[in-house]
Amino acid sequence: MDTASRLPLSRPSRRDALIGLAASLPLPALAQTAAPAPRRIAMRAEAVERRLGGEDKPASRLFRLRPAGLPPEKPDTFSVFRAREGEACEIEIENTLGHPLAFHFRGMRSTLTPDGVPGLSGRAIAPGEKAVVPLDTRQPGTFLMAPVVAAQVCEQNARGLHAAVIVEEREPPVFDLDHVLAVGDWRLDGEGRLQEDFGTRMDIARVGRLGNRLVANRSHAPERLEARPGARLRIRMINISNARPIPLKVSGCEAKVYSIDSTPCQPFDPLRRTVTLSPGTRIELAIDLPAEPDKEARIEAKLGDGLPMLVIRTKGEPIPRRGDIAPLPDPGLPPAIRLQNAARADIRIAGGIGTDPAEATPEALAARFPDPARIFSVNGGTDGFAGKPVLKVKRGREVVFAVFNDSAWPQVLAVHGHAFRLLHPFDDGWEPYFLDTLYLAPKTVARIAFIADNPGRWALRSAVAEHFAGGVRTWFEVE
């Protein structure tokens with residue numbers, strides 16, 4: 001928001017209005033130059049049929065966000081839409097599904113691009129409707145378009161209704177390949193078909209929906225690429241699963257973490273060459289491939305015995321080695337937060353069941369939780385976005401949230417509209433990067449801090465689709 005739009009408003013007199021009108025009339029001798037229309041990115045939410053278990057297996061019904069006009073028989077790759085920093089741009093979404101739709105742009109800190117959450121700051125797109133959303137391109141980064149209609153999010157997420165939106169830097173750094181790697185999982189039945197048991201009490205009350213097949217960019221892992229020896233790659237990794245955290249280990253190359261949750265960081269070597277992506281998390285890696293041909297670099301999921309998600313083989317003429325990886329431009333976020341002046345609030349997540357199998361029978365779950373939308377609570381309430389905000393502050397105020405996971409299962413909290421620092425215990429410092437997604441182990445507490453510099457009503461909600469649907473949602477307001 002620019003400075004002029006924040007100035008206090010006063011009612012003009014009739015004389016002032018007439019003077020302003022006269023001043024705004026076109027001069028006959030001067031040509032009028034209209035501002036160029038924004039570039040429109042047209043996409044369609046549609047259902048497609050795909051054989052997930054193999055060509056000899058039955059088809060599954062999936063949901064996709066794809067470029068409008070793309071024939072259904074085109075290869076089913078993960079959709080990536082790109083814009084350039086500062087470009088006038090808007091997104092048109094056509095809903096051809098039988099569900100209401102709404103999308104949040106994970107990582108975008110903007111009041112120009114709507115937050116998208118129905119009942120809080122947005123309106124759902126009805127079946128058969130189109131909606132045009134302005135895209136704020138002042139913040140470069142990797143953003144995830146994720147569904148946020150709580151009643152449908154379990155199914156829409158599991159069927160694959162996501163897309164990446166990349167806002168490229170005005171002067172992008174030099175990479176030989178810029179590649180999006182969307183990792184997730186499918187829950188397939190014995191015939192290789194997507195199981196349609198979406199949003200069950202069993203999944204909601206425990207860890208969420210876990211699949212039995214890991215996938216990379218909507219195909220069976222691993223995805224395979226070729227690049228020249230010595231090439232420098234930018235790998236934009238996104239976790240699009242309903243509930244599964246996915247630890248990813250890099251081997252066979254040099255790699256540095258370049259950006260986390262759509263915010264640049266000082267490049268650093270990941271601990272044990274491993275990063276963990278919670279649902280909805282985005283992490284960018286800058287990778288330097290080996291200088292020799294016929295070498296492999298891998299990004300492998302550290303689950304079970306390990307499973308390669310991306311395999312890159314060097315081929316062709318070597319590229320001369322470059323210098324150290326330079327950080328991305330400063331994102332403009334505060335380097336320090338005055339914690340002693342912060343407004344503070346607690347967020348307590350409770351509910352679900354314990355680990356006793358007797359609690360997990362369908363009969364026990366139905367008796368205990370007649371309403372699947374109220375299996376979890378936040379601060380003792382189950383009204384979600386219809387309830388009172390956990391905090392209301394003036395713009396520019398420092399904020400500290402203490403987030404308690406009182407449940408027996410991991411919780412993943414997404415903060416909309418802001419990037420936060422994860423505090424060390426006792427508020428004696430913070431991690432040297434910004435986040436918008438917080439992973440909490442069972443029965444633990446963490447504290448996050450940020451400056452509330454983005455006016456509006458902002459969601460605090462689970463990034464696990466089933467927990468979001470089951471009641472892990474509340475909000476805060478910046479005036």
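A few comments on the model shown:
Conditions (1) assigned to a loop (DSSP other than H, G, I, E, B); (2) not small (Gly, Ala, Ser), marked per residue:
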| residue | (1), (2) |
| --- | --- |
| VAL149 | yes, yes |
| GLY160 | yes, no |
| VAL174 | yes, yes |
| ASP178 | no, yes |
| GLY184 | no, no |
| GLY192 | yes, no |
| GLY199 | yes, no |
| GLY208 | yes, no |
| LEU214 | no, yes |
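- Filter result (in contact with a Lys or Arg (Cβ under 7 Å, 6 or more places away or on another chain) and at positive phi) within the range 187-201: GLY192
- Residues that are within 22 Å of GLN139 (Cα to Cα) and among the hydrophobic types (A, V, I, L, M, F, W, C) within the range 400-422 comprise ALA414, VAL415, ALA419, PHE420, LEU422, listed in sequence order.
- In the range 158-179, the condition of being β-branched (Val, Ile, Thr), farther than 24 Å from ARG44 by Cβ and either touching an Asp or Glu at 6+ places or on another chain (Cβ under 6 Å) or in contact (Cβ under 8 Å) with a residue 12 or more places away in the chain (or both) is met by at least one residue.
- Pairs, first without any contact (Cβ under 8 Å) to a residue 60 or more places away in the chain and over 15 Å from CYS154 (Cα atoms) in the range 367-378, second of a type in the set (D, E, K, R) and surrounded by 16 or more Cβ atoms within 10 Å (Cβ to Cβ), C-beta under 6 Å, six or more apart: none
- Residue that is over 24 Å from GLY471 (Cα atoms) and in contact with a Ser or Thr (Cβ under 6 Å, 6 or more places away or on another chain), where the choices are ARG193, ARG224: ARG193
- Single residue of THR276, THR281 found to be outside the structural domain of SER462 (by TED's automatic domain parsing) and either surrounded by fewer than 21 Cβ atoms within 10 Å (Cβ to Cβ) or over 21 Å from ASN217 (Cβ atoms) (or both): THR276
- Residues of the range 67-84 classified as touching a residue at least 60 places away in the same chain (Cβ under 8 Å) and touching a strand residue (DSSP E or B) at 6+ places or on another chain (Cβ under 6 Å), total: 8
- Elements of type strands (runs of 3 or more DSSP E) contained in the range 44-133, each with 3 or more residues being within 17 Å of the chain's Cα centre (by Cα): 80-84, 103-106
- Of all residues in the range 54-62, none are farther than 19 Å from VAL215 by Cβ, surrounded by 11 or more Cβ atoms within 10 Å (Cβ to Cβ) and not basic (Lys, Arg).
- For PHE426: the one exception among (1) of a type in the set (Phe, Trp, Tyr); (2) surrounded by 24 or more Cβ atoms within 10 Å (Cβ to Cβ); (3) over 20 Å from ARG106 (Cα atoms): (2)
- Residue selection: GLN152 satisfies the criterion of being buried (at least 16 other Cβ atoms within 10 Å of the Cβ), without any contact (Cβ under 8 Å) to a residue 60 or more places away in the chain and not charged (D, E, K, R).
- Flag if LEU413 is over 13 Å from ILE349 (Cα atoms) and either in the same structural domain as GLN152 (by TED's automatic domain parsing) or of a type outside the set (Gly, Ala, Ser) (or both): no
- Restricting attention to the range 81-118, the residues being surrounded by fewer than 18 Cβ atoms within 10 Å (Cβ to Cβ) and under 30 Å from PRO222 (Cβ atoms) number 1.
The values are calculated or read from the model by the stated rules, or taken from the named source; none is laboratory data. All figures in this text were calculated on a predicted structure; none of them were measured in a lab. Counting neighbours? That spans all protein chains shown, and the Cβs are built from the backbone with ideal geometry, glycine included.
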